[in-house]
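Just so you know, all these numbers are worked out from the coordinates, no wet-lab data involved. Note that this is a predicted model, so its numbers are computed, not measured. FYI the Cβ positions are ideal-geometry reconstructions off the backbone, even for glycines, and counts take in every protein chain you see.
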Amino acid sequence: MAEDTVREGLVVGIDYTMYLQNGDPVDSTEGEEPLEVLQGAGEVIEGLEKALYGMRIGESRKVVVQPEEAFGEYEEEDSRLTVPRADFPEDFGWEEGMEVYVQTDDDEEPEAAYVVRVDEEEVELDFNHPLAGQTLHVDVTVRSLRPATEEELEHGHAHHEDWEDDEEEYDEDE
């Protein structure tokens, strides 16, 4: 029996465009293949994932996602860190807006930070996601549904054709 309604444990193919409150687009699958996600695994922002439940193939929705169900509220306190450029290789290639991972405590996993300022001496990092504090608007259409494979369920994410079969070569940040 073919699946026709989004529910947990299915791989959902979606087309979407995400906008800021002011209408500026921030992300889209336009001109690309639909994004495939394992429903219920947290592969997309929480507010979008919740909105997908119960949708059918071909159905479209306009979803408004508040910051707490997207990239969180913007945290002012202790969210920025300035580091000397000399602590990094000379050819590191710093660019404003780029994501880097920083080890802040020996006992913890590296944390994502975003470059907000670069000069000859220093780099300023912000540990807030660039979309933190933003209310997002998402136009989404369900394009496909299929049962997840045992491997996808075990790994907690949808597998894509262009990923290598070798798990060690898979980068979870993609």
For segment 61-92 and segment 1-26, distance of Cα centres in Å: 24
Residue farthest toward the positive end of the dipole of segment 46-155, with Cβ of Lys/Arg at +1 and Asp/Glu at -1: which of 116, 67, 141? 141
Per the Kirkwood formula on distinct C-alpha pairs, the Rh of segment 80-126 is how many angstrom? 11.0
Let me check against my output: what whole-number percent is the relative contact order of segment 1-119, with C-alpha pairs under 8 Å and at least 6 apart? 18
May I ask for the net charge around residue 81, where only other residues with Cβ less than 9 Å from the Cβ of residue 81 are counted and Lys, Arg are +1 while Asp, Glu are -1? -2
In segment 104-151, what GluC sites (Glu not before Pro) fall in a loop by DSSP, with at most 10 other Cβ atoms inside 10 Å? 108, 120, 121
As an exercise, take the mean of 1/r over every pair of distinct alpha carbons in the chain, invert it, and state the Kirkwood radius in angstroms. 18.4
What is the local net charge at residue 66, summed over the other residues whose Cβ is closer than 15 Å to its Cβ (Lys, Arg +1; Asp, Glu -1)? -3
Helix-only [θ] at 222 nm, the chain, -39500 (n - 2.57) per DSSP H run of 4+, per residue, nearest 500, equals -2000 deg cm²/dmol
Could you give the length gained by full extension between residue 78 and residue 109, i.e. 0.36 nm per residue of separation minus their alpha carbon distance, to one decimal place? 9.4 nm
Tally Lys and Arg at +1 and Asp and Glu at -1 over the other residues with C-beta under 12 Å from the C-beta of residue 48: what net charge comes out? -3
